Structure formats: structure tokens, C-alpha cells
Amino acid sequence: MPSITMSPEQVSAYIAQAGRDAWKVPGLPSDTPLREIRSVGVIGAGTMGGGISMNFATAGIPVRILETKQEALDRGLSVVRGHYQRSADKGRFPQEDVDLRMGLLTGTLDMESFADCDLVIEAVFEDMDLKKKIFTDLDRIMKPGAILATNTSALNIDAIASATRRPEDVIGLHFFSPANVMKLLEIVRADHTADDVIATCMDLAKKINKVAVLVGVCPGFVGNRILAARQAQAQKLVYKGAMPWDVDAALNAFGFRMGPYQMSDLAGLDIGWKKGAKTANPIRDALCEIDRRGQKTGAGYYDYDESRNPVPSSVTAEIIRDITGVDSASAPSVETMIATCIHPMINEGLKILEEKKAQRASDIDIVWLNGYGWPADKGGPMLYGDMVGAETVLATMERLGADDDRFAPAESLKRLARDGGRFTEVPAG
């Protein structure tokens, strides 16, 4: 398949249509009855739980927020009030709305108080045993017909649902951080999720002003699964002579506001790491061991000044040279780094479609445009595949797949390169 050239107007029209299509669920009757959502419970008053709660309070839906300790609950509610107050101060809504919205939020230390909620969303840290314990308790406490949702970003929702006697009521509602700002909501359908639960959650997403995309259960779902492919290749580039700031600069040139290492420093390098741990990323481990854990500690892959501006770090460079044994003078070209990071994203999108974990190719683009800052002029990973051409993407994946079979070309990529057709027209399955 040759590459295609699209005008800005054509790209904008594609994105607009993709946004409309994302709301359509094949096989779900338009007259599917909805469950009434009059009150919501949220488990966890941290960054995610507080942000999730704000979406519902802003939409006028009462929320109960559960924490294990009063101190954590008070801190979480104080952070939410601070967000609302800053918005009111900027004139986004009247000052009196701060108290109105906060009046819709009720803190609790007792999960039993969720008994009459219509929807509960679990937003605790990513630990399967903990989530199963919570869902076992919710199964006992929640009234019949209540929707039990998890905000997990990667764990198997079928396994979480197995902790209940009502897997048909279980669904994934994957909000993106900060949840009160980011538009994307991945709605994750598990094996037993009922049609009316899906229809209710799609409808609810509109009420809380989200862009919803229905996806299937797989590691990382759609967004984070594709992100993992990019992150893995970014890490490999460092072992081939690139420095983190070289990789970031290449992806900034492509159009991302933040590259993978800038993003890691912002999120915190110690996510998923504990002192003394040896992971698949020894460079990250070494940085964390000397308390370079990202912006929050003033240093990560980068050094940071008082205004949190990133500066390439000689400390990081030395650690990388010690671990990789590679001279940074041998860094790949910008063009090679872009292809090495971006083309695997397109390939992974095709694999997701082959496995029917996305409804349509354009849904993948909507996920990346609304959740990860994909540059709008490039339309999303699948449309960008059309812009580049299947032969070019295949050549990259054959090169990367020879080094690591996780990046072997998708069967549909081979077919597109051989027979023609568009990435954006590859059907699910």
C-alpha cells in the first residue's frame, strides 16, 4: 500500500467522523434499556479517586468517596476543593458553585455506606489481590443491579469480576490522569459484562463530558498496550547509543509535547519500583536508588531547575554509559528514532484489531488523540500508517522483529503491504 497525502481539512474531517463513530457499539441495540445512575461511590480519595469524583459532582451527581483513614480522606477532599476553587478564580464557573459541587461529595470510612449507590468505581493502586478483595466485599454490599467498575489501567478485569457472583455487572472505567481534565474514558467490556451495563456507561460518559471508547480486555487495553510498545523501543534506543533527551527530542519533533522520558519523569520513575528491586529497566532502577525519581525529587532522567525546566543530566549519561557500555556518539538519526518508536505503535494497533480488542481502527486513533497527546495533524496511529504506507511500516517491523519477536509484523500489516488497502479500513477480527 503506497503512502497517501492528506490535507489538514481531510485529517480534521477524519478525526470528526472517528469521534462520532466511537459512540456506536456494533451489536448493541439502540433501544437497550439504561440503568439509572443517581449516586456514585468511589473507592480511593487520591489523585485518581478525587479526579474521578469531580467528574460526577460537576455533572450534578452525588458521590461518596471511601478512604481507609480520616487523614487521607480529609486530604483528598481538600485537594478537590482546591481544584474547584482555582477554576472558579479563573472564571470558569461562579464562586458559589464551589460549595455546591463540594456539597455533592460525601466522605466515608465505611464501605457499607455504598449499599444504595447505583455505581461504584474502584480507584486503588494496581494490585490484583487487593482489587479482588474489594470486589468480593462490593458483591456482598451493593444492591442488585448496581454497576461495579474498576479504574485499572492494565489488570485483567475478567479476573477481578471472578471475585463476584455477578460478573455481568462488572466493567472497566479507565479514566486518564488527571481524571478531572483528561477527556478520554476507556470503557472496558469483560467477558460477561451485560449489554445494559455497556449502554449505561456509554451514556454516562456523555453526561460527565468524556470521550468514550469501548475496548476489550487485554494487557494495557488499547492505549497503554500501544504505549508499552513505544516505551520498549525507546528503552532499546538508549542501548543503541541514544540518550533519553535524544529520544524525547525526536518525538517532540514528531509532534508529541512530551517524549517517553519526559513523561516518565513527570509521572515518577518509582511507579512499580521498590528499593532494592531489579526490574527489566536497570537504568530506571539505578536512578531510583540514588533518589532520582523524577520531577518530584528534582531529578530523574533529567535535572530540573527551580521552575521544573528539564536539563540533560551528566549523572544520567554516566549511569547509562556504565550500564549499556555504548558510546552516545553512535546515536541513531532522528528519522530512525521516530520510525523505531512510532511504527511499532501502528503494528500493535493492527494486532489489537486482529484480536477484536478495539471495535474499529479509528477508535484506536480516538484513544491516542484524546488520552496521549498524539499530534492532531497526524490523525492517530492508524491514519498515520496510511500517511506513511504499509511497505515502510513493514520494513521497520521486519528490522525490529528480527531483534525481538514481540515486534514481529502483524499478519494484517503483511497483507496491507502485499495486497493494498488502508490501515483505517482494517476491520476488527
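Some values worked out for this structure:
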read-out: Orientation-averaged projected area, Cα convex hull of the stretch 128-216 (nm²); value: 5.5 nm²
read-out: At R0 = 45 Å, FRET efficiency that the Cβ-Cβ distance of ASP191 and ALA395 yields, to 0.05; value: 0.75
read-out: 0 to 90° range, to nearest 10: angle between helix 334-354 axis and the chain longest Cα axis; value: 50 degrees
read-out: Whole-angstrom gap from the stretch 197-230 to the stretch 82-112, using each part's C-alpha centre; value: 26 Å
read-out: Helix-only mean residue ellipticity at 222 nm for the chain, each DSSP H run of n ≥ 4 adding -39500 (n - 2.57), per residue, nearest 500; value: -14500 deg cm²/dmol
read-out: Efficiency of FRET from Cβ geometry, GLU112 and GLU168, R₀ 25 Å, rounded to 0.05; value: 0.60
read-out: Distance (nanometres) between label positions extended 7 Å along Cα→Cβ at VAL311 and ARG38; value: 5.9 nm
read-out: Qualifying aspartates and glutamates (Cα of each under 16 Å from Cα of LYS236; at least 8 residues distant if same chain); value: ASP246, ASP248, ASP285, ASP322, ASP327, GLU335, GLU398, ASP403, ASP404, ASP405
read-out: Cα-based reach from LYS356 at 22 Å (exclusive), listing lysines while leaving out same-chain residues under 8 positions away; value: LYS24, LYS414
read-out: In Å, descending, principal axis extents of the Cα set of the chain; value: 61, 51, 44
read-out: Separation in nanometres of the label points that stand 7 Å from Cα toward Cβ, at ASP158 and GLU318; value: 5.0 nm
read-out: Amide proton proximity set for ALA299, modelled H, under 5 Å, gap of 5+; value: ARG293, GLY294
read-out: Relative contact order for the chain, counting Cα pairs under 8 Å that sit 6 or more residues apart, in percent; value: 17 percent
read-out: Crossing angle, helix 8-21 versus the chain [Cα axis fit, 0-90 degrees, rounded to tens]; value: 40 degrees
read-out: Under-5 Å amide H pairs with VAL211, H placed in peptide plane, nonlocal only; value: LEU184, LEU185
read-out: Cα-based helix-to-principal-axis angle, 47-58 vs the chain, degrees rounded to 10; value: 60 degrees
read-out: Cβ-Cβ FRET estimate between GLU96 and ASN209, R0 fixed at 30 Å, reported to 0.05; value: 0.90
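Since every read-out is calculated from the coordinates, none of them should be taken as a lab result. Note that the structure is predicted; figures quoted are calculated from it, not measured. Heads up, the Cβs are rebuilt from the backbone with ideal geometry, glycines too, and the neighbour counts pull from every protein chain shown.
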